[in-house]
Structures are given as structure tokens and as C-alpha cells.
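Following: one structure in C-alpha cells, then a few remarks.
The values are calculated or read from the model by the stated rules, or taken from the named source; none is laboratory data. Quantities reported herein were computed from a predicted structural model and do not represent experimental measurements. FYI the Cβ positions are ideal-geometry reconstructions off the backbone, even for glycines, and counts take in every protein chain you see. Surface areas here come from the heavy atoms of the whole protein model, side chains and all, with no ligands, DNA or RNA. Shrake-Rupley method; radii C 1.70, N 1.55, O 1.52, S 1.80 Å.
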Amino acid sequence: MNKIRTSLSLILFLLLIAACATEKPVQETSQRSTPPPMKIPAIENPRISRLPFEWKPDLYEQVLELEFASEKEAEAAVIEIAPLYEDYRLATSARWDDNCEENVPMRDLMNKYSIKGTFYVNGTDYFHNMETAGFEGKDYTAIARDLTSEGGHTVGTHALSHPYITYVNKNRMFEEIARCRAQWEAALDMPVNSHALSFTRYRNPVEGDVSHVNTARIMERSGIYHTATNIFNTEVKTDILESILLPPDGFGDLKGAIDWALNDPMVQKNTPNLSFSMHSWGWDDREKVLLEEMFRDLAARDDIWKASHNEYAAYRFQLRYAELSKDTRDGSSRQIVLKRPELIDVNHTIPLTIKVTGAEALTVKSADANIRQAERSGTTGLYNVFHNSDRRFPDKIAYIGNPENGTEAAEDSDYPGLLLLLRSEENQLILQITNSTDFGIENIQATFRLPLAYAPGVIRKTLPSVAPGETEQIILKPQQVSDDFRDLAGKAYFLAQVDFQSVDGGGRIYASCHTETSPDDRSFPLGNVLTIGPLKPEYGFYTRNFARAYRKGEISEEQIYSAEWLLDGMTPMQWTRIPREVSFYSKPYFDLEVVHLSDNWVANIPYPFLLATTVRTKEDRTVSFWCDPETVKHIFLNGEEVAFRDITLPAGDNQLLIVYENGQQNFGRASAAAAFFRIIDPVSKKRIRDLEYIADAVPLRENSWSTNFQ
């Protein structure tokens, strides 16, 4: 198991520094004409170079008053916002992924040296290696609460079920992150703004920038604006903030990486945060000694901010939108306006540091906000400006789910007497707030967070108050911008983040609901394809030998479509139609253009599968196949190999057979669990929507085929 873990960690690190090379398939000779090389068609969407946030935070103004010893000093003073909290040169954070028990001793090691970390957690009922380590049915909440009880540690989201995020359907993509954030905020009464990508993946090799954009959008809509990696903005520049991921799990020269960052001005300007990582379970005893040495060295430095990822992200998020303006001088006094994001959008109480140089300020104050001189030793002229006192952050956070889209409001024990209900009815979202307490709630801001089929994806509505004994509603009509079933499949998840003020301070309650989708759409392969495999070498099955024999007619369709294969003469294997509902590992939520192969995202299955379906079309048409050529080795249509060239799809029923092989080099990739393919128009490069995949029409024979493929 340790070898597997180490191998996965090494692969993850290599993925951060280099793109996977595409292996060209071997061409063969046969009695028929040799098919052209496997070449993926041009993507139907243009490259996307820049993706700004579709929703911007609300801003407000603070008036700062500075007093100097003289008019001359007031004129000479330079006032600016420090690029990092208390003007540190660099920030360091520790990133630890997955719900695992090994996080506890790692937390203790960080506490020993006052190093802050963020534990990126999955759903409360998910554990790393849960099926093999006996954790099924257990809850991670108590461990997470213990991890964050001292030391300034925080949690971030790591997706509910640790999926390859672009291989689940669009509705589930949003729920994986949005519900993870909302439920953990409620479980720990702790704000979350940072996400660690499960398997470090944010795009898939087939859809490229399109899948990258989808990932960025769901993070933004979920209330996430930071990811603990420095590769997310490589292909598409987004507004998601990043951290520099140091060599994970004991690989690489950690000390050298820190020295490089401290001496690179571009690092300090653009991404001044180094992240130790990545798995508490991935460090052996020798590597932990090296890690402790690094922590000891960091603890001795006074020019590095030891921050959690949420703290760092919140500061840099404010910095992006903050500005100083309306600078006026009256004798020895200066007055300047600080414009900054609202506290509920920052989702953290970290102050902004104002830096005064050129002259010493005698006092810095504001009528509305608390301002404190920086506590960092050896510094002068630094002032931490907190949010206005009327911006009160929630002391408690609650979550009220409505998974069946019912009509009964409910309350959470954190806020007895406040009943909330979010439900969907006739293309409307109805948020109902019932106040059964003895006090009113005021300044209610309901932030609706919506899945990808709707735009805009973040909408804020307000209510002045809900008095005791009253019920108020906010009705929202989300604008559906796509009728493609791929964007609508699965259960749509809607979330309302309700922030308010009461006599007890700030409060927050999340309310959510699910809605069912429309009936199944057979123009997508998921659930409409038969599979057989894995076909291991010990059965005598080799991809190129099978394809050669099929092309030569040495293997017939009658044999291939036998309901049962007796491999090596005795091992039975059947063609199987994978249903949409299969296992804990999110397989009910697969994207509609993938075919389920395994119940485990990290399964090392470097063996071939055969995928078979009937493609029905009403008219003759020219088509092409959109697949990953690393894994789709051969495509046969009506017995002829077609590769990725343009072909004629005749009217009526057509038998499609795909030879799929994940390969050893793809260990730890989504392709271990699912095969992606699409039939497209070769001119428009768009998916053809008026054809059907019909697994029931595959001509299976009620017989067995005994073969060893020799």
C-alpha cells in the first residue's frame, strides 16, 4: 500500500511540472487497407485565454484619518496597501488533502512550530481508502473539529466524493464543491474560501479549455476564489487565486524551493505563498524528519507569514479589489478613503494592512472601524484596518437541506426558532424565512448559488428584516441558458447563503434543495453502452492482436457478441450494461459522455475493455469521433475500422465497437474509471444531438464463446 501511495504522490508531482506526453498508437498491416493514424479532431470551441469572474464582490468605503507631527510630514507620507498581511515578504501554508486519521499527528507537528495548515476535506462520510481501511459508515466531523480546535488551522474543500471533477455531470460538479463548502462551514462554524482539486485535475484531455472553464465557474459559484496549486491558471487565465505547491509528499528539494521563492521578485509579486503538501498519509519517517527540519527553519524566520490558505486567500482577494482614493490633506492631517470588498464576500475577518512610509504617523484611526498597529516585531508604519464594526461575521453557521424538494420548513439547532426552506416550483426558487423567535433579524442578504445551466450563477437578494412571528419570502426566477441535457442531467442542486444580523451578532444559514431532471436522453452514451473487461494478458488478450484478427475476419461478430466469454477456456465474463446508480464513488453522477468502467477513480486497471452499442440515426450523415486517442485504441463501425477519420453513418442501426485501454502510464487518471467519447459533425465540430445509443439493440447471442485469443 505504501508503494502505491508513493507512486501516486510521485505521479501527482510530475503532473504539476509537465504535461503528459501523448503516445502514438502502433500502426499495423492487414489484408484490408490500413486505417489512418488515430488523430483527434480539432476542438469545436475556440481557445479561451482569459476568464474573469462573472460575479464581482460588493465594495464599501472606510474613511481613514492619519495625524502627523507637521504639515511637511503629512505631505511627505506615502500611504499604500501592503501586498501581504503586515508587509511580510512571503507567506507559507501547509496543505493536507483527504479525510484521513494521519492528519492528526501532522497537525501536532505543525503546532510544535506554530505552522498553520489547511486540511482539504471531502464529504463528512468519506475517508481516504475507506473501503480497505474499514472507515465506511463513519463520520469525519469529530476529527475535523479536533484538527481546527487550536493552532489557527482551517479547512478547505476537496469535493464531496474526491472525483475527477470534469468526469461527473454538470449538476454534480457544482454540488461536489458547493455543498462541501456549505456543510463544512456549518459543521465547524468556520468560513471556507479555498479549494484543493482532487487528483489535482481541473480539465480533461478531450474537452480542454471548455472543461477548464466549467471547473473555474463552479468554484466561483460555490464561493471559492482560491486553489492550493500554481497550475490552475496555466492554460486559461482565471481570477482564481493560487498558491505555489512545493514538491509533495517528500519529493524534491523543499529548502531549495523556499530559497528560490524568497529571492524571486516575481513570486513575491504574483503568488507570494508557498504550500507544503500534500498528503499526511504520504510521508514516511525519514521524510517527516526532513519536514520537521523545514518547519523548524520556518519558525525561526521573522520575514515569513505563517498563514492558513484561507487567511492568505482572503487577504489577496481583498487586495485585488481594494483601492485608496480621495486623499485630502488639512495641515498635519491626512484623510483617505479605503474601498474594499464586503465582509460576507471575503468570507474571512483578516484585516488589510496599510503601510505608511516617508513620515511617521502619530495616529491612524477611523470612526467606523478598529485599526491596530501591526504586531510584527521590528516593523513601523504598519496598521491593520479591520472591517467596519457594523459588518458582523457569523458566530454560528447552519445548513438546512431539502433533498426531496419538499414544502416543510426546518430549523437547525444553532438557530432555534428560525425556520428556512428553499424549494423549486414552476421554474422559480422560493426562499422562505419564518421567524418564531422573540427577536427580529435584520439586514438579510440571500446569495443564491446556481449550477452551470443557469446564468448569472450568483445572485444576491436582500430583505430589510423579518420580525418575530412573521414569514417572508424571496422569489427568484433563474435564467436557464442551456437546454442541452448534458447540462441538465442528474439532480440540480441549488444553494442559498443567507447572512443576517440579530441581537446575538452575525448569523448565516445555508438552505439548499434538489430538483429532478427531465427523462433520460439516449443521444448520450452513459447507461446506453455494453462493456466487457478488463481483458487481461493472462487470458491471452492483446489489443493489437484482437484488432488485427477482427480486421482479417479471424474473429466474427457472432463470437464477439456472445453473451458470455469463457476466457482461457474457463474464466467466465459477460457483457454488462452499467446502470447509472452503482456505488458510493459518485458513479451515479458520471458525465453523460463517459462510460463507466470501474468503481474506483484510482484503480490501476491497465487492461483493455470492449465497449459496444447500437447507434441509430434517421438519415445518412457524415460524422467523426471525438475521443482520447491515448485510451481509445480502435473504433469499429459495422465491422470496419474507422479510427478518427470522417465517415458515413448510414441511416438505421449501426454497430459500434470500441477497444479501450487505459495503460500503465495513465495510473491515477480518470480514464481508469471511465471512457469518454462523442460523435460529432466534422464541419461544425458540434455533438450530434439527434442520434441514439441503444444498448438493447446490440446483437448479443445467447451462447458462450470459449477462447484464449491465441
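For this structure, a couple of remarks:
- Set of lysines near Lys339 by C-alpha distance (under 20 Å), chain-local residues within fewer than 8 positions excluded: Lys56, Lys326, Lys355, Lys365
- Pairs from the table (Lys116/Lys288; Lys112/Lys396; Lys477/Lys618; Lys138/Lys491; Lys170/Lys536) lying more than 27 angstrom apart at Cα are Lys112/Lys396; Lys477/Lys618; Lys170/Lys536.
- Binning the alpha carbon pair distances of segment 418-462 at 5 angstrom intervals from zero yields the distribution 5, 15, 23, 27, 14, 9, 4, 2, 0, expressed in whole percent.
- Across the chain, Cα pairs under 8 Å and at least six residues apart give a relative contact order of 16 percent.
- Placing a label point 7 Å from the Cα of Val78 along the Cα-to-Cβ line, the residues of segment 256-276 whose backbone N sits under 17 Å from it are 269.
- Glu101 versus Ala299: modelled label distance in nm, points set 7 Å from Cα along the beta carbon direction: 2.6 nm
- Were the residues from Glu360 through Asp285 laid out at 0.36 nm apart, the gain over their Cα-Cα distance would be 22.0 nm.
- Inter-part distance where segment 151-185 and segment 399-451 are each reduced to a Cα centre, Å: 22 Å
- In terms of overall dimensions, segment 252-400 has a Cα radius of gyration and Dmax of 19.3, 64 angstrom.
- Considering only Ala455, Thr515, Ser333, and ranking their Cα positions along the charge dipole of the chain that arises from unit charges at the beta-carbon of Lys, Arg, Asp and Glu, the one farthest toward the positive end is Ala455.
- Residues listed by number, segment 336-351, amide nitrogen under 15 Å from Ser325 label point at 7 Å toward C-beta: 336-342
- Ratio Rg/Rh [Cα only; Rh per Kirkwood] for segment 122-234: 0.98
- The fraction of all Cα pairs in segment 73-119 landing in successive 10 Å bins from 0 to the largest distance is 21, 32, 21, 13, 9, 4, given as whole percents.
- Over the chain - Rg/Rh using Cα atoms and the Kirkwood inverse-distance radius: 1.02
- Shown in residue order for segment 557-565 are the 3J(HN,Hα) couplings computed by the Karplus curve 6.51 cos²θ - 1.76 cosθ + 1.60 at θ = phi - 60°: 5, 4, 6, 4, 8, 5, 4, 10, 9 Hz (x for Gly and Pro).
- Each part gets one Cα centre, and for segment 265-303 versus segment 490-510 those centres are 36 Å apart.
- Accessible surface of Met110 - all protein chains present, 1.4 Å probe, nearest 10 Å²: 0 Å²
- Note on segment 230-309: Rg/Rh from C-alpha atoms, Kirkwood Rh, equals 0.98.
- Per residue, in Å², the accessible surface of the chain once ligands and nucleic acids are set aside, probe 1.4 Å: 40 Å²
- Nitroxide proxy distance, nm - points 7 Å out along Cα→Cβ at Leu566 and Ala367: 9.3 nm
- Between Glu292 and Glu554, the modelled label-to-label distance comes to 6.1 nm, taking each label 7 Å out from Cα in the direction of the beta carbon.
- Helix 103-112 axis, angle to the chain major axis (alpha carbon atoms, nearest 10°): 30 degrees
- FRET efficiency for the Glu619 to Thr379 pair, using the beta carbon distance and R₀ = 60 Å, is estimated at 0.20.
- Carbon and sulfur %, accessible surface of the chain computed with the full protein complex present, 1.4 Å: 47 percent
- Given their separation in residues at 0.36 nm each and the Cα-Cα distance between them, Asp520 and Met266 gain 86.4 nm when the chain is fully extended.
- Simple Cβ-charge dipole of the chain, Lys/Arg +1 and Asp/Glu -1, about Cα centre, in debye nearest 20: 1720 debye
- Percent of beta bridges antiparallel (DSSP, the chain, rounded to nearest 5): 75 percent
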